Amino acid sequence: MNISHPVLEDDQDTADFHRFSHGLYIGGQWRQSADSREIQVLDPSTEAVIAAVPDATIEDAAAAVEAAAKAADGWRTTPPRKRSEILRRCFELMTQRSETLATLISLENGKALRDARGEIAYAAEFFRWNAEEAVRITGEYGIAPSGTNRIVVDYEPIGICVLVTPWNFPAAMATRKIAPALAAGCTVILKPASETPLTAYALAALYQEAGVPPGVVNVLTTSNPGPVTAAMLADPRVRKLSFTGSTGVGRVLLAEAAKHVVSCSMELGGNAPFLVFDDADLDAAVDGAMVAKMRNAGEACTAANRIYVQSGVYDAFSESLARRMSSLKVGAGTDAATECGPMITRKAVDKIDRLVNDAVARGARVLCGGKAGSGTGYYYPPTVLCDVPAEAEMAHEEIFGPVAPISIFETEADAIARANDTEYGLAAYIYTRDLARGMQVASKIEAGMIGLNRGLMSDPAAPFGGVKQSGLGREGGQHHGIAEFMEAKYIAVSI
Ligand code: NAP
């Protein structure tokens, strides 16, 4: 059954957000799921149900692939300039509606409004960047070394793409995939996280308004992601899976995609080390640690998960960070004064509690925080632990919360060895005033991205992604992001 489509206004009353639970977005239509079941959406700060969205079945997923297939030819043959203008319009509408969208993110994800505003600006930027990329897709031309023919290389859209995204950046993780896919000429089916579907549907309405034709972007939510995704990957018309989420689920999806030899891009988990050398600008290092740790209340794949500080500045850094962390205002994300919102679920709070208790049992000292809130809402206080031993579970697992574990190191070699002692390799941070040392250490650290005297690295203009078990492929960057959605076609030409 089709239902009326939600309109996103510039300054929408937050009480109206239930309007975004209007349906699956398939072929430009809003519809209920085939079996009319729903998924409830909670506000993590109150634990109250704020909306319900349709729970898509395998049948709905088949309809979404069908819609994407129907729209594919029209979109791939739409002139790049026209595709670019539609993407640019998406950027403009997102920017114009940023306050409404940020509030929606804060409501369903819990993140502080200031983080949600930052996310919308970042998310919108993928449309602006890829509007510029859409008209700069070029091929190659050369003479075969034998001289017998010309070599022409054309770049074509890879085909229908299945995009699966997490709850921690409900807008940006989706636009980081949708914008380059559309710029390349692909049609897509987005499966957002069950905890934060409202942002994805609000954006779907915005794409429609911006002129994205029916079927080019389809959005479906499901509580049965394994079978629903597997069914889409089994359709031979689907040629790409782009996933952002945990390494565990990434492995499952890689195995599923392997059955049909579907191309995969994987943005997976992290365990970022944050190194502070004796010669660092200490104030800058503490500022950087606050950003690297506390953006999104620690619920970020790039979050500083292990802080290693050289012995000469260890006490000063630890005390200063604890002072800053304990002064943060904790509260509902939608409260403008909030600096640290709730975690996404009770399960997330329990995991953080387990990791902190384990570290303390192994000898870590609590400088601030360290105990989960007992009231309503999924709160965990900003926490600083020092003397965290290498065997602590949090040194090997993503904390995904506002906990900063600090350990001491003596030598550069020791710092590098400890930084690399993980199966992950997404992000790392280095603070030193010696740029040559910084570059040398950066070259020895096994990570896809390094912040050198910077606590923030995400930028649509730079290639984002990890090595080791943090992923495959890159998103954003001058050509990296769009290349994930194209295939090279070589034409041998006799003339
Ligand atoms: P997750 O549990 O792996 O879920 C991510 C997405 O996968 C959700 O949409 C989820 O759907 C879906 N999913 C779960 N099981 C699935 C299955 N068997 N088949 C197909 N899809 C499935 O991760 P998360 O907890 O949402 O996000 C946190 C993780 O994402 C962290 O590890 C973080 O580091 C990582 N992350 C990485 C990046 C990066 O760029 N490298 C960026 C952000 C986050 P449901 O919600 O319906 O379960």
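Give me the percent of DSSP beta bridges within the stretch 272-459 that run antiparallel, rounded to the nearest 5.
Beta bridges within the stretch 272-459, antiparallel portion: roughly 15 percent.
Largest to smallest in accessible area, the residues 439, 266, 457 fall in the order 439, 457, 266 (1.4 Å probe, all protein chains included). In whole angstrom, the stretch 411-466 maps to an equivalent ellipsoid with semi-axes of 19, 15, 8, each derived as √(5λ) from the alpha carbon gyration tensor and ordered largest first.
Surface calculation, 1.4 Å probe, protein heavy atoms: residue 422 sits at approximately 20 Å² accessible. The listed residues 239, 136, once ranked by accessible area (1.4 Å probe) with the largest placed first, stand as 136, 239.
Between helix 247-260 and the chain there is an angle of about 20 degrees, using the helix long axis and the longest principal axis of the Cα atoms. Close amide-amide hydrogen proximity is noted between residue 433 and 279, 280, 281, each under 5 Å apart and 5 or more residues distant or on a separate chain (H modeled in the peptide plane; Pro and chain starts excluded). Distance between the C-alpha centres of the stretch 211-229 and the stretch 479-495: 27 Å, rounded to the whole angstrom.
Taking the C-alpha atoms only, the angle from helix 225-234 to the longest principal axis of the chain is near 40 degrees. Near residue 385, the amide H atoms lying under 5 Å from its own belong to 367, 404, 406; only residues 5 or more places off or on other chains count, and H is placed 1.01 Å from N.
Taking the accessible area of the chain, probe 1.4 Å, and keeping the other protein chains in place, the carbon and sulfur fraction comes to 52%. In degrees between 0 and 90, to the nearest 10, how far off the longest principal axis of the chain does helix 58-76 point, with axes built from Cα atoms? Relative to the chain, helix 58-76 is tipped by roughly 70 degrees. Using a probe of 1.4 Å on the protein chains alone, the accessible area found for residue 232 is around 0 Å². Of the cross-linked pairs 293/444; 329/351; 191/259; 177/468; 371/444; 240/489, which ones have a Cα-Cα span greater than 25 Å in the structure shown? Long pairs (Cα-Cα over 25 Å): 371/444.
Three principal axis extents describe the C-alpha atoms of the chain; from largest down they are 68, 65, 40 Å. Based on DSSP, what percent of beta bridges with both residues in the chain are antiparallel, to the nearest 5? Percent antiparallel among DSSP bridges in the chain is about 45.
In square angstrom, what is the accessible area per residue of the stretch 272-459 with a 1.4 angstrom probe?
Details: 7090 Å² over 188 residues.
Per residue, the stretch 272-459 has 38 Å² of solvent-accessible surface.
Heavy-atom accessible surface of residue 458, to the nearest 10 Å², is about 30 Å², with a 1.4 Å probe and all protein chains retained. Spatial offset of the stretch 385-426 relative to the stretch 66-135 amounts to 36 Å, using the alpha carbon center of each.
The values are calculated or read from the model by the stated rules, or taken from the named source; none is laboratory data. These numbers come from a predicted model, not from an experiment. For the accessible areas, the whole protein counts, side chains as well, though only heavy atoms, and no ligand, DNA or RNA atoms are used. Shrake-Rupley method; radii C 1.70, N 1.55, O 1.52, S 1.80 Å.
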